[in-house]
Amino acid sequence: MKILVINGSPKGKNSVTYQTIRFLQRKFPKDEFEVIHAGAQIGALEQDMWLVKEGARNAQMILFAYPVYTFIAPSQMHRFIQLMKEWEINVSGKYMTQITTSKHFYDVTAHRYFEDNCKDMGMRILHGFSADMGDLLTKKGQLEVITYWNYIKHIIQEETSPFEKEQDRTPLSEKDRKYQVMIVTDCKKENSRLRRMIVDFRKALPFASHVVNLQNFDFQGGCLGCFHCAVDGNCVYQDGFDELLRKIQRADSIVYAFSIQDHSMGPLFKTYDDRQFCNGHRAVTAGKPTAYLIDGEFSQEQNLQMLLEARSQVGGNFLAGIATNEGIGADTTGACADKLAYALKHRMTVNENFYGVGGKKIFRDLVYEMQGMMQADHRFYRANHLYDFPQKKIGMLLSVKLIGLLLKLPLTKKKLQPKLTEGMLMPYEKMITGSPLKE
């Protein structure tokens, strides 16, 4: 695969973000990476965008790599996007994705900025990868970026294959039962559009699936916010919802199928969501991929788009796909089924962004503060080591304090300042050029 990398960091080769690109180059030697350090060379690009034009012409995908600055990208990248449009760089039909590094503070708005601009230029959008500043120095972070890149390559390979995949019409009884997929829907009998999507999705999915229709469940009512469940997790209603929810949660993946109603999933689905408060703030399905089958103009529903992404992020569920029946440009049920199957087979985990990181920290602090009442939550958080307060990182706090003290001294600051970037990159250099990496 030929990739044009647009490095948006003003530091060029010395940026932390760019080290992820170097990592991918070494890990995937068969992929061809052409790099343009746009952030550092924006002055030269103001005069001539020929390299970008040629690089885009030869590339199958354009990868934007940049640090997040104040809610979006560095100003140099804003100018670069302008230049792409002014020079009419032809990227129509090309794939795009992005890799960012930050502390996850509004990385979602940065990613959305590039997605919106790339849509303006007719590009095919692939979900980006958002990393914490030091993720690449950990085995977990390295595995996450490798898994992400394999997933991106899989999607492109499937979509550009010259042979259209035959839908899997294997009888349900003969399907692979290694994974169990639960489809939760509020589909009414007369809703033929949504029903058709569910049928097509099940046919395309290579695994066994089961449908739970909320229309068939007799809810006694919506959540009352009474905190009856706070101590032991048992709801005040005696309608059997607890048992139904546990059955759904035991599946390897949960798929939600609904028709858009009043800019939301509708009142019945909201009742289902609210009643899940018997779980409190415990992400009991974390690690299980999810997907959505949506009947309606989802592309016009910005708030709902944000809600579904945040829902997956806070729950710790990899969002494998969102299929709609909008037509051109939308994921088909077959493509969605393929992405979910890949996510299950390769154990895809969620790449946390602002929604996931921020939401979890808010809940962490809430549960810790309210542990006397939220006893079930507190037990879960302790057992899963979710109380990851920064005050516990004594070594890091002391080392940063020492650097701060040295920077206060004029003579020391003069000697130390130029070495800060070099010091930041040293562990990356050792990791990238060191011993061979393992899958």
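For Q305 and V199, the difference between the fully extended length at 0.36 nm per residue and the C-alpha to C-alpha distance is 35.8 nm. The three principal axes of the C-alpha atoms in the range 246-305 carry coordinate ranges of 32, 21, 18 Å, sorted with the longest axis first. Relative to the current alpha-carbon distance between Y387 and N14, full extension at 0.36 nm per residue lengthens the span by 130.9 nm. With respect to the chain, whose longest principal axis is taken over its alpha-carbon atoms, helix 107-120 is tilted by about 90°.
The label point for W50 and the one for I125, both projected 7 Å from the Cα toward the Cβ, are 3.4 nm apart. With R₀ fixed at 35 Å, the C-beta to C-beta distance from V284 to H154 puts the FRET efficiency at about 0.80. Here is the P(r) of the range 359-439: all C-alpha pair distances, binned every 10 Å from 0, give 14, 24, 21, 24, 14, 1 in whole percents. In the chain, the ratio of gyration radius to Kirkwood radius, Rg to Rh, stands at 0.99 when only Cα atoms are counted. Heavy atoms of the protein chains alone define the surface here; on that basis the range 72-114 has 40 Å² accessible area per residue at 1.4 Å probe size. A straight Cα-to-Cα reach below 19 Å connects K392 with the lysines K103, K360, K361, K401, residues fewer than 8 places away in its own chain not being considered. Among the listed pairs K270/K345; K178/K203; K140/K288; K2/K27, a Cα-Cα separation exceeding 20 Å is found for K270/K345. Remark on Q98: its backbone amide H falls under 5 Å from those of F64, G128, F129, a criterion applied only to residues 5 or more positions apart or on other chains, H modelled at 1.01 Å from N. Solvent-accessible surface of the range 167-292, averaged per residue with a 1.4 angstrom probe and all protein chains in place: 49 square angstrom. Please give me the summed charge of the neighbours of P267: other residues whose Cβ is under 14 Å from its Cβ, Lys and Arg +1, Asp and Glu -1. My count for the surroundings of P267 gives -1. Ignoring ligands, DNA and RNA, what percent of the accessible area of the chain is carbon or sulfur (1.4 Å)? That share works out to 55 percent. Taking the Cβ-Cβ separation of M373 and M133 as r and a Förster radius of 30 Å, what is the calculated FRET efficiency to the nearest 0.05? The value I calculate is 0.25. For the range 3-67, the pair-distance distribution built from all alpha carbon pairs, in bins 5 Å wide starting at 0, is 4, 18, 28, 25, 18, 5, 1 percent. The calculated 222 nm mean residue ellipticity attributable to helices in the chain amounts to -14000 deg cm²/dmol, summing -39500 (n - 2.57) over DSSP H runs of n ≥ 4 and dividing by all residues. If a paramagnetic tag sat 7 Å from the Cα of V231 along the Cα-Cβ line, which residues of the range 371-388 would have the backbone N under 18 Å from that point? Counting backbone N atoms under 18 Å from the label point, the list is 371-380.
The values are calculated or read from the model by the stated rules, or taken from the named source; none is laboratory data. Just so we're clear, the structure is a prediction, and the values are computed from it rather than from any experiment. Ideal geometry is used to build each Cβ from the backbone, glycine not excepted, and the neighbour counts take in all protein chains shown. All accessible areas refer to the heavy atoms of the entire protein, side chains included, with ligands and DNA or RNA removed. Shrake-Rupley method; radii C 1.70, N 1.55, O 1.52, S 1.80 Å.
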